[in-house]
Amino acid sequence: ATPPVKKIACIGAGYVGGPTMAVIALNSPDIEVVVVDINEERIKAWNSETLPIYEPGLDEVVKAARGRNLFFSTDTKKHVGEADIVFVSVNTPTKTTGIGAGKAADLTYWEGAARLIASVSTSSKIVVEKSTVPVKTAEAIGKVLKRNCSDPSVNFEILSNPEFLAEGTAIEDLQKPDRVLIGGVDTPSGQAAVAALKWVYNHWIPVERILTANLWSAELAKLTANAFLAQRISSINSISALCEASGANVQQVAHAIGTDTRIGNKFLSASVGFGGSCFQKDILNLCYVCETLGLREVADYWHAVVTMNDYQKQRFVERVIGSMFNTVSNKKIAIFGFAFKKDTGDTRETPAIDVCKGLVRDNAKVAVYDPKVTSEQIFRDMSTPKFEWDRPDYSRSHTRLLDNVQVCATPESAAEGAHAICVLTEWDCFKHYDYAAIYEKMTKPAFIFDGRNVLDHDKLREIGFITYALGKPL
Ligand code: NAD
Ligand code: UGA
């Protein structure tokens, strides 16, 4: 029989589009997969030896499939035009201006992609929402597609197929997902589209792991999953504050509650705060959807997860400054880790930005070391205002911030002469440094603030460090 899908195109060659399509191509040699993007540099990088993102195992997957049935291209018109299935995996950031600024999802890129699909389509297509979007986006996108396609014989079926991969483990998550979720409408053509996408995933994922739902449930399940995950972190982080104040130890508390199988032991590591491009964005997006539907109490409930996260970052800064005799003015502070989590070079919404900015605001001189993040990226992050309405102050804060930020090539050079080390990412390599040698070259008293609880605190205290661990009394 003819396979239901011969060619897939994906609009958006980012953290999701690139790895997801590479894994589909790897497992489905009978399907041609082409990833397109408006960003020429990104496409060039996907076709080179140095891929645009760092993700363990990604190089191998791309090498195995690229040129065989996996391609990266800027020829959007051709590849989207020829595809049976078009995934849309463009960015959906938080709006920075206008109605819903700071909360609502900015669907400009999504709508741009939909208009593009409509304008180049001469055959019927399945359009898959891979980006994380507000509930009911498929309805709006459906209208854009239908009304902008000049060929009346062309039919678009829209599916919601949210992505649940986490950065740093993307390939593992894609190869062996807990589940794949496909939402579609309950019409014969809608269900045929669901079956076609199911057929694609079934190349390597057992059918019992491929869940189906209606469109709105699938869209909402993605926002809900991220809200629940982030809520766990904010919950344990709130308890970490109580632990520091009471003499309890947050790791012991987390272990004790995590052994209850109803609670489970994952995602209970207290931290300096969660980061990443999605948790905050998706919760704000969820809150905005609730507000627009008149569900103020529900919006407030979820918004507290973000408030607690901001509090945790601020609390960390206050603990550092408070313990260092209430002044960090002109003191060098080494920052170990800038990425939002280990095994990625991604810094989007990393807590390190807020912590470093908080320290610099108190005139500290931060010296950053991260094994994967480039100095250009760190300087860019430190000079970009969080919201666009910060702009009037922009040039002034920009120069002052950068005067006080140094990026170091080694952890030793970051710590040399420093009064303190702050661990902000849980990179494994941080566990294995020669802290006795590092201590020798620091200004005394030398402090360590472990914002991820990854170091051996007893050993550090033996060396002579004044050691603050998160959620543990001094
Ligand atoms: P990204 O910014 O890395 O990639 C998006 C890409 O889309 C960019 O390269 C951009 O140039 C391209 N693009 C935008 N408009 C385009 C257009 N009209 N035509 C062609 N290309 C266009 O973003 P990402 O991290 O891959 O996230 C994409 C979506 O997936 C978001 O909605 C996000 O919420 C969701 N998501 C992300 C993750 C993650 O771990 N990063 C996980 C699950 C879901
Ligand atoms: C998260 C979700 O885990 C994915 O399922 C989802 O697809 C993705 O968001 C998305 O929609 O973008 P990601 O942000 O890549 O993935 O990474 P996580 O492992 O979830 O970590 C997010 C943040 O929480 C990191 O800053 C991490 O350090 C922090 N974290 C995580 C904690 O502070 N404590 C924990 O116990 C776990």
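Quick note: the coordinates plus some simple rules give every number you see, no bench work behind them. Worth saying up front: this structure is predicted, and the values here are computed from it rather than measured. Cβ coordinates were reconstructed from backbone atoms using ideal geometry, including for glycine residues, and neighbour counts include every protein chain displayed.
At a glance:
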{"read-out": "Binned Cα-Cα distances of the stretch 247-469, short to long, each 5 Å bin given as a whole percent", "value": "1, 7, 13, 17, 19, 17, 11, 8, 5, 2, 1, 0"}
{"read-out": "The stretch 454-469 - phi-based ³J(HN,Hα) in whole Hz, Karplus 6.51/-1.76/1.60, Gly and Pro as x", "value": "10, 8, 8, 5, 4, 5, 4, 5, 4, 5, x, 5, 7, 10, 9, 10"}
{"read-out": "Gain upon complete extension [Asp178, Ser323; 0.36 nm per residue less C-alpha separation]", "value": "47.9 nm"}
{"read-out": "Distant alpha-carbon pairs in the stretch 15-105 (separation over 17 angstrom), percent", "value": "53"}
{"read-out": "For the stretch 149-189, alpha-carbon Rg over 2.2 N^0.38 Å", "value": "1.72"}
{"read-out": "Cα centroid separation, the stretch 411-460 to the stretch 124-194 (Å)", "value": "46"}
{"read-out": "Kirkwood-based shape ratio for the stretch 180-229, expressed as Rg/Rh from alpha carbons", "value": "1.02"}
{"read-out": "nm² value of the averaged projected area, convex hull over the Cα atoms of the stretch 7-205", "value": "11.2"}
{"read-out": "Dimensionless Rg over Rh [the stretch 243-358; C-alpha; Kirkwood]", "value": "1.02"}
{"read-out": "Chymotrypsin sites (Phe, Trp or Tyr not before Pro) restricted to the stretch 264-356 and DSSP loop, no more than 12 other C-beta within 10 Å", "value": "Phe325"}
{"read-out": "Evaluated over the stretch 152-299, the Cα radius of gyration and Dmax, each in Å", "value": "19.2, 70"}
{"read-out": "Glu440 paired with Ser383, simple spin-label distance in nm, labels 7 Å along Cα-to-beta-carbon", "value": "3.8"}
{"read-out": "DSSP beta bridges in the chain [antiparallel fraction, %, rounded to 5]", "value": "5"}
{"read-out": "Under 5 Å, built H, 5+ apart or other chain: amide partners of Val128", "value": "Val86, Phe87, Val88, Leu159"}
{"read-out": "P(r) histogram, all alpha-carbon pairs of the stretch 131-208 included - 10 Å bins from 0, percent", "value": "16, 40, 32, 12, 1"}
{"read-out": "Loop-located chymotrypsin sites (Phe, Trp or Tyr not before Pro) in the stretch 422-474, at most 11 other Cβ atoms within 10 Å (DSSP)", "value": "none"}
{"read-out": "Debye intensity ratio in log₁₀ form over the Cα atoms of the chain, taken at each q of 0.05, 0.08, 0.12 Å⁻¹", "value": "-0.21, -0.52, -1.10"}
{"read-out": "Range in the chain, longest, excluding exposed trypsin sites (Lys or Arg not before Pro) [loop by DSSP; at most 15 other beta-carbon atoms within 10 Å]", "value": "267-385"}
{"read-out": "Whole-Å semi-axes of the ellipsoid equivalent to the stretch 213-286 (Cα gyration tensor, √5λ, descending)", "value": "28, 15, 8"}
